[in-house]
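The values are calculated or read from the model by the stated rules, or taken from the named source; none is laboratory data. Just so it is clear, the structure is predicted and the values come from calculations on it, not from any experiment. Glycine gets a Cβ as well: all are built from the backbone with ideal geometry, and neighbour counts include every protein chain shown.
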Amino acid sequence: MRLELHVDGPEDGESQSPIPLSAWGPLGRVLEGELASLYPEIVRYGTVELSVTLLGPDEMRSVNREYRERDEATDVLSFPLWEADGRFVPDGALTELLPLGDILICPEEVARLHEELPPEDALCLVLAHGFLHLLAWDHDTEERESAMWARQDAVKQRLLDVLRGGL
């Protein structure tokens with residue numbers, strides 16, 4: 001199984017991302033490893049696809065308004081394809097390609113909402129957060145929140161290690 005990570009910038013071409021588009025390939029390999037670790041049965045799929053789109057605040061606000069009825073920009077939104085009753089349940093009929101879903105990130109909102117973190121740390125945090133949501137992880141109860149935050153921190157650290165050349 002390999003993970004294909006597709007990263008697109010905002011429509012206006014200005015993403016304000018602290019991570020250049022060229023650096024996202026190694027981050028995809030980290031997510032691939034996480035996916036295989038969390039769901040070993042995922043290897044039955046030849047390719048898993050993940051889409052990340054970097055949006056400006058106006059675009060993110062529009063999406064947040066449309067899908068969550070919140071008229072404000074936010075840092076990250078996830079649109080999972082295989083979540084059912086709080087579980088990750090991919091289509092067993094698929095064999096070659098499994099699309100996971102979409103993660104939308106607004107780098108400007110990431111910087112604003114996570115100003116206590118260095119920019120790369122904040123972006124890796126929301127990428128990890130969005131990724132786990134695609135896999136049906138959630139923070140809707142104390143128990144699930146505790147598990148998600150722990151895994152999110154571990155994924156964030158692995159992303160940062162690779163980004164900084166640590167692995």
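Scan segment 137-167 for residues that are among the β-branched types (V, I, T), touching a residue at least 24 places away in the same chain (Cβ under 8 Å) and over 20 Å from L77 (Cβ atoms) and jot them down. Result: V162, single match. Take the residues in segment 20-47 that are in contact with a helix residue (DSSP H, G or I) (Cβ under 7 Å, 6 or more places away or on another chain) and free of Cβ contacts under 8 Å to residues at least 60 places away in the same chain, then tell me which one is surrounded by the most Cβ atoms within 10 Å (Cβ to Cβ). It comes out as I42. For segment 81-129, a residue qualifies if it is in contact with a Ser or Thr (Cβ under 9 Å, 6 or more places away or on another chain) and of a type in the set (A, V, I, L, M), and the qualifying residues are L97, L98, L100, I103, L104, I105, V110, L113, L123.
Against the definition (under 14 Å from the mean Cα position of the chain (by Cα) and either among the hydrophobic types (A, V, I, L, M, F, W, C) or farther than 21 Å from R151 by Cα (or both)), how does L94 come out, yes or no? Break it down stepwise before answering.
Values: under 14 Å from the mean Cα position of the chain (by Cα): no; either among the hydrophobic types (A, V, I, L, M, F, W, C) or farther than 21 Å from R151 by Cα (or both): yes.
Here the answer is no, as L94 does not meet what is asked.
Looking across segment 63-78 at every residue that is of a type outside the set (A, V, I, L, M) and surrounded by 14 or more Cβ atoms within 10 Å (Cβ to Cβ), the one that is nearest to L94 (Cα to Cα) is identified as S78.
Looking at V63, V48, V126, just one residue is farther than 23 Å from G28 by Cα, of a type in the set (V, I, T) and modelled with pLDDT of 95 or more, and that residue is V63. Within segment 90-118, the residues that satisfy the criterion of being surrounded by fewer than 20 Cβ atoms within 10 Å (Cβ to Cβ), among the aliphatic types (A, V, I, L, M) and either touching a residue at least 40 places away in the same chain (Cβ under 8 Å) or closer than 21 Å to E59 by Cα (or both) are L94, L97, A111, L113. The residue that is surrounded by the fewest Cβ atoms within 10 Å (Cβ to Cβ), among those in segment 122-136 that are in contact (Cβ under 8 Å) with a residue 40 or more places away in the chain and closer than 20 Å to A84 by Cα, is A136. Anything in segment 83-140 that is on the phi > 0 side of the Ramachandran plot and polar (S, T, N, Q)? List them, or say none. Passing the criteria: none in range.
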